[in-house]
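Working notes for the structure below.
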Amino acid sequence: MNSNANANANALPQSGTIRIENLRKSFAAAHPGHEPHYIIKDINLTIRGGEFFILLGPSGCGKSTLLNIVAGFIGKTEGKVALGEKEIVRPGSERAMVFQQADSSLFPWLTVRENVEFGLRMRKVPKAERRRTSDHYIRLVGLAGHEDKFPKELSGGMKQRVQLARVLSNDPAILLMDEPFGALDAMTRRTMQKELIRIWQETNKTVIFVTHDIQEALLLGQRIGIMSVGPSSQITDLYDNPLPYPRNVTEPKLIELLDTIQSHFDE
Amino acid sequence: MNRWKYWLLHGVLPWLGVLAVWQLVALASDPQFFPSPYLTLKGAIELSEDGSLFTYIGYSFARVLSGWLLGSLIAVPIGLVMGRFKFIRAITDPILNFIRFIPALAFVTLFMLWFGIGEESKVILIMYGTIFTVIMNTMTGVLSVEEDKIRSARSMGASEWQIMLHVIVPATVPYIFTGVRIAMSMSYLAILGAEMVAANEGVGFLIWNARLYFKTDWIFVGLFALGIMGFTTDRLLGYVGRKLLGRYGVVHSGAAGQRARKPRKAMQPTNATGGNSYGKVG
């Protein structure tokens with residue numbers, strides 16, 4: 001069942017491909033005569049359309065910075081970030097961000113359905129069509145029956161489902177996920193990981209998923225980019241993970257890979 | 001039965017206590033200086049007979065309400081713009097923080113000179129008393145909107161104007177509401193001063209005028225009228241806020257007892273729709 005999704009991913013046109021070349025980001029204004037302080041430095045990366053890509057690294061290594069640049073939320077200092085042929089300079093509805101904290105990104109004054117329809121409403125999509133789309137994605141993320149609840153009535157995992165449905169309803173080509181399950185308890189996280197793989201296989205999106213959890217990286221990603229400890233963080237290694245989905249934490253091959261990557265961080 | 005008990009505990013008993021203490025103090029002092037509850041009631045009846053008490057209350061109320069409403073209507077957009085645009089905030093903030101420390105009362109004479117002794121000067125005085133509180137609260141609200149909300153709206157295709165209308169304003173509603181509510185009490189401060197200095201009607205006038213006849217009981221009536229007016233408007237505002245703005249997070253209620261009662265009421269609908277299924281999905 002997995003090879004299907006993989007084949008699709010490779011067959012997709014290059015429109016969903018993200019190309020990052022010599023990307024640098026410094027926050028402090030460069031003083032004359034001083035080497036600027038870089039958060040990330042000389043990042044080169046190509047992410048194929050439909051691919052599930054993981055950015056793995058310790059806290060504070062600049063993974064989120066990289067993700068925010070791809071999202072267009074913050075500007076870059078040097079280098080090139082392009083989606084297909086188009087350079088990324090600002091947020092766009094073809095790239096959607098799923099934030100770590102659902103509470104800070106969901107709109108608490110809107111119901112689940114209204115949250116999911118937000119982007120459609122902003123783009124003046126007719127009501128009937130909005131309804132159809134939100135119905136579809138609310139069902140896809142497993143929230144059917146909760147349409148009229150407010151976010152505060154939902155558990156942490158359910159709120160992340162709302163976030164997912166909300167971005168999917170805008171049909172973005174790329175999902176940017178910034179440790180979306182970091183705040184969830186272990187069991188809920190496991191469920192959400194499985195669900196995310198299911199949704200990814202059903203929707204064929206490109207996913208860039210940021211995490212500092214090696215196990216999570218191995219369970220989810222087709223490719224894993226390892227970022228070094230900041231400042232001047234770089235992508236030091238790329239690992240392929242061809243294991244079929246759904247993956248299991250007890251698979252020998254997965255544990256083998258986990259050891260390899262773990263040793264990487266122990267150095 | 002419980003309801004009666006609640007009202008007895010939270011409304012009636014404390015007031016009976018106040019009346020008892022009042023009566024005791026009044027017994028020990030000269031009624032000219034400190035009228036008893038009974039004398040105050042008599043004064044109230046006296047003032048009600050020709051309807052003047054209600055006219056006064058009506059006047060003060062109309063002034064407060066119009067000044068407060070106009071002031072809030074002006075202040076909210078200013079607060080939104082100041083919160084949203086750093087440049088505008090940078091140039092207006094110092095001026096604002098200078099003027100807002102000058103109490104409305106200090107402007108009574110000037111406003112009378114500028115706007116006449118009629119209603120305009122009083123309404124403008126209340127607007128002045130209202131505006132800064134509402135601006136400050138609105139601005140604080142805008143500044144505390146999470147960046148993630150704005151970013152997610154933007155990446156879902158919302159324009160800057162849509163972000164203002166559909167993200168900033170709803171997220172700021174609780175702050176605006178608090179500001180408006182505090183401003184209401186400021187309005188009463190301002191109107192009383194204005195009516196004492198220059199008016200032929202209103203509760204402030206009643207209190208100030210009573211001094212000419214040495215009618216301390218009328219002053220007490222005036223004080224009570226103010227208390228009741230303030231209490232009623234605040235409760236009304238709180239009620240309207242809860243009913244209409246509940247989804248924006250306006251929950252504030254005046255009485256501690258009512259807050260304690262709320263959860264029980266709020267539990268009912270969630271239970272009815274199967275509260276059990278919560279943890280299950282995720």
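Laboratory data are not the source of any read-out in this text; all were calculated from the coordinates shown. Computed from a predicted model, the values in this text were never measured in an experiment. Glycine also receives a Cβ, built like all others from the backbone with ideal geometry; neighbour counts cover every protein chain displayed.
Take the Cβ-Cβ distance between A:Ser59 and B:Leu73 as r, set R0 to 45 Å, and report the resulting FRET efficiency rounded to the nearest 0.05.
Plugging the Cβ-Cβ distance into 1/(1 + (r/R0)^6) gives 0.45.
Using only helices, what value at 222 nm comes out for chain A when you add -39,500 (n - 2.57) per DSSP H run of length 4 or more and divide by the total residues, to the nearest 500 deg cm²/dmol?
Value at 222 nm, helices only, nearest 500: -11000 deg cm²/dmol.
How would B:Thr178, A:Thr206 line up from fewest to most surrounding beta-carbon atoms within 10 angstrom?
Fewest-to-most ranking of B:Thr178, A:Thr206: B:Thr178, A:Thr206.
Work out the charge dipole of chain B with +1 on the Cβ of Lys and Arg and -1 on the Cβ of Asp and Glu about the Cα centre, then indicate which of B:Ser187, B:Gln162, B:Gly238 is farthest towards its positive end.
Farthest along the dipole direction, towards plus: B:Gln162.
Most mobile of B:Asn209, B:Asn97, B:Asn137 per a Gaussian network model of chain B (Cα springs, under 10 Å)?
Fluctuation is largest for B:Asn97.
Kyte-Doolittle cut-off 1.0, length cut-off 24 Å along the helix's own axis using Cα: show which whole DSSP H helices in chain B pass.
Those that clear 24 Å and a mean of 1.0 are B:52-84, B:119-143, B:169-197.
Taking neighbour counts of Cβ atoms within 10 Å as a proxy for exposure, in what order, fewest first, do B:Leu125, B:Leu24 appear?
Lowest count first: B:Leu24, B:Leu125.
Going down the list A:Lys25/B:Lys149; A:Lys41/A:Lys76; A:Lys63/B:Lys149; A:Lys127/A:Lys205; A:Lys159/B:Lys149, which pairs span over 18 Å between their C-alpha atoms?
Violating the 18 Å limit, Cα to Cα: A:Lys25/B:Lys149; A:Lys63/B:Lys149; A:Lys127/A:Lys205.
Does chain B come out rounded, prolate or oblate, given a ≥ b ≥ c as the square roots of the eigenvalues of its C-alpha gyration tensor, rounded meaning a/c under 1.5 and, failing that, prolate meaning a/b above b/c?
oblate
Quickly estimate the mean residue ellipticity at 222 nm for chain B, helices only: each DSSP H run with n ≥ 4 gives -39500 (n - 2.57), and the total goes over all residues, rounded to 500.
-25000 deg cm²/dmol
With the dipole of chain B worked out from charges on the C-beta (+1 for Lys and Arg, -1 for Asp and Glu) around the Cα centre, which of B:Trp22, B:Phe54, B:Leu110 lies farthest toward the positive end?
So the residue we want is B:Trp22.
Which lysines, if any, have their Cα less than 26 Å from the Cα of B:Lys215, not counting same-chain residues under 8 positions apart?
B:Lys42, B:Lys122
Please name whichever of A:Ser232, A:Ile88, A:Ile214 sits farthest to the positive end of the charge dipole of chain A, dipole taken about the Cα centre and charges placed at Cβ: Lys and Arg +1, Asp and Glu -1.
Most positive-ward Cα: A:Ile88.
Taking the Cα centroid of segment A:117-185 and of segment A:212-251, what is the distance between the two, rounded to the nearest whole Å?
After rounding, the separation between the Cα centres reads 26 Å.
About the Cα centre of the protein assembly as shown, how large is the charge dipole given +1 on each Lys and Arg Cβ and -1 on each Asp and Glu Cβ? Please answer in debye to the nearest 20.
Using Cβ point charges on Lys, Arg, Asp and Glu, the protein assembly as shown gives about 1200 debye.
Note the full-extension length gain between B:Tyr239 and B:Trp15 as 0.36 nm times their separation in residues minus their Cα-Cα distance, in nm to one decimal.
Computed gain between B:Tyr239 and B:Trp15 is 78.4 nm.
Fewest first, what order do B:Val145, B:Val21 take by the number of other Cβ atoms within 10 Å?
B:Val21, B:Val145
Under 5 Å between amide hydrogens, which residues at least 5 positions from A:Asp237 or on another chain qualify, with H placed 1.01 Å from N in the peptide plane?
A:Ile226
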